[in-house]
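Please read the structure below before turning to the comments.
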Amino acid sequence: MTTTNGLLELSAALGNHARARPLVDGTVEPKGIRLLGTTLGGSETFWRQLKFAEFDVSEMSMSSLLILTERGASPWVAIPVFTRVFHYTRGGLVRKDRGIEGPADLRGKRLGVPEYQQTAALWARGILKDHWGVDPTEIEWYMERPPEMSHGGATDFVPPPGVRLQYIPRETNMGEMVINGTIDGALLYQQSDNLVDRSRIDLRGHPLIRRLYPDAAAEARRHYTATGIYPINHTVVIRRSILEAHPWVARSLYDAFLTVKERLRKERDAQLEPWFATGLFGETERQGASTDPFAYGIAATKHVLETITRYSYEQGLTKRRVALEELFDPSTLDL
């Protein structure tokens, strides 16, 4: 953090998507701030932030932030800016020969996850329990990321009581283990080229593999209709010491993200509205929607946020339900 020409310069790691790109390239500048931005995927960003605290501002895993905040040791404070993805509808892949016709058939199976504590896996397990009655303790888990390259390694993760979990050997990966039949599938499969994920096989096109939810769009619509929840995966965090010295930074950054969001909405940017890609809404439904599934702020997202805090507590990742006031900067709680 430095000050140049009256502007506070902050290092930032944000995703390569339309909601963040104008802040990285300087097209939109927060008032009083110059962001020295870099574009990174979430898996690497979170590991580097949790392990090394490299950036002043970044996207952050909601699950990992809950864990750090509950322990009272978080150097990060969030602002209510979010990314949302129905990862669980697309990331669940299972072998066709294991008698898995639907989510309820996962009891007693062996499933891989990139990381047990990651937000997408947290949502997937919570939805399995709420909607299909499958408890995490009824599945044997295989985690791909080793402790030194995982978010959990930086937060001292240990499997919650009753959870059977082992690490995937370093000489193989989740994709290979699904193909050779060592495990029955993946609750969340990431075929990613980054520093922390190592699966490279395209399982989605493999003849032995099927989606856990064959019609991902239909399942997303079912869940959204039943709950009103479009899962929040990432938020934006700011280094706590910066906010202690410059409390105005939180609202300045929030306003800048909101400016980008509203500008993209007016331009009808498909990257801002990925319900086109997921099939959650068609054009007619989108035009008639009374609420914004991608809203920022606390008021419009309270139900979603309270659900993820409940999931974290129920699954043993946090020892209590974390209050929203603990996660977000005070100046943003009325938004």
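Here is a yes/no grid of residues against (1) modelled with pLDDT of 95 or more; (2) open to solvent by 10 Å² or more (accessible area, probe 1.4 Å); (3) assigned to a loop (DSSP other than H, G, I, E, B); (4) not hydroxyl-bearing (Ser, Thr, Tyr):
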{"site": "GLY108", "(1), (2), (3), (4)": "yes, yes, yes, yes"}
{"site": "THR137", "(1), (2), (3), (4)": "yes, yes, no, no"}
{"site": "TYR142", "(1), (2), (3), (4)": "yes, yes, no, no"}
{"site": "GLY153", "(1), (2), (3), (4)": "no, yes, no, yes"}
{"site": "GLN166", "(1), (2), (3), (4)": "yes, yes, no, yes"}
{"site": "THR182", "(1), (2), (3), (4)": "yes, yes, yes, no"}
{"site": "GLN190", "(1), (2), (3), (4)": "no, yes, yes, yes"}
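Can you name the number of the only condition in (1) under 21 Å from the mean Cα position of the chain (by Cα); (2) surrounded by fewer than 18 Cβ atoms within 10 Å (Cβ to Cβ); (3) among the charged types (D, E, K, R); (4) more than 19 Å from THR119 (Cβ to Cβ) that LYS51 fails?
So LYS51 meets the others, but not (4).
Would you mind finding the one in GLU70, GLU29 that is within 25 Å of LEU333 (Cα to Cα), among the acidic types (Asp, Glu) and buried (at least 18 other Cβ atoms within 10 Å of the Cβ)?
When all the criteria are applied, what remains is GLU70.
Is it fair to say THR225 is assigned to a helix (DSSP H, G or I) and at negative phi?
Spelling it out, THR225 is indeed assigned to a helix (DSSP H, G or I) and at negative phi.
Somewhere in the stretch 220-235, is a residue in contact with a helix residue (DSSP H, G or I) (Cβ under 8 Å, 6 or more places away or on another chain), surrounded by fewer than 18 Cβ atoms within 10 Å (Cβ to Cβ) and among the basic types (Lys, Arg)?
No: zero hits.
State all residues of the stretch 26-45 that are without any contact (Cβ under 8 Å) to a residue 60 or more places away in the chain, closer than 28 Å to SER63 by Cα and not hydrophobic (A, V, I, L, M, F, W, C); if no residue qualifies, say none.
Hits for the stretch 26-45 are GLY37, THR38, THR39, THR45.
State all residues of the stretch 296-335 that are in contact (Cβ under 8 Å) with a residue 24 or more places away in the chain, outside any helix (DSSP H, G or I) and of a type in the set (A, V, I, L, M); if no residue qualifies, say none.
Passing the criteria: ILE298, LEU317, VAL322, LEU333, LEU335.
State whether the residues of the stretch 112-124 include one that is of a type in the set (S, T, N, Q) and open to solvent by 10 Å² or more (accessible area, probe 1.4 Å).
yes
The values are calculated or read from the model by the stated rules, or taken from the named source; none is laboratory data. What you see is a predicted model; the values in this text were computed from it and never measured. Cβ coordinates were reconstructed from backbone atoms using ideal geometry, including for glycine residues, and neighbour counts include every protein chain displayed. Note: accessible area is taken over every heavy atom of the protein model, side chains too, but ligands, DNA and RNA are not part of it. Shrake-Rupley method; radii C 1.70, N 1.55, O 1.52, S 1.80 Å.
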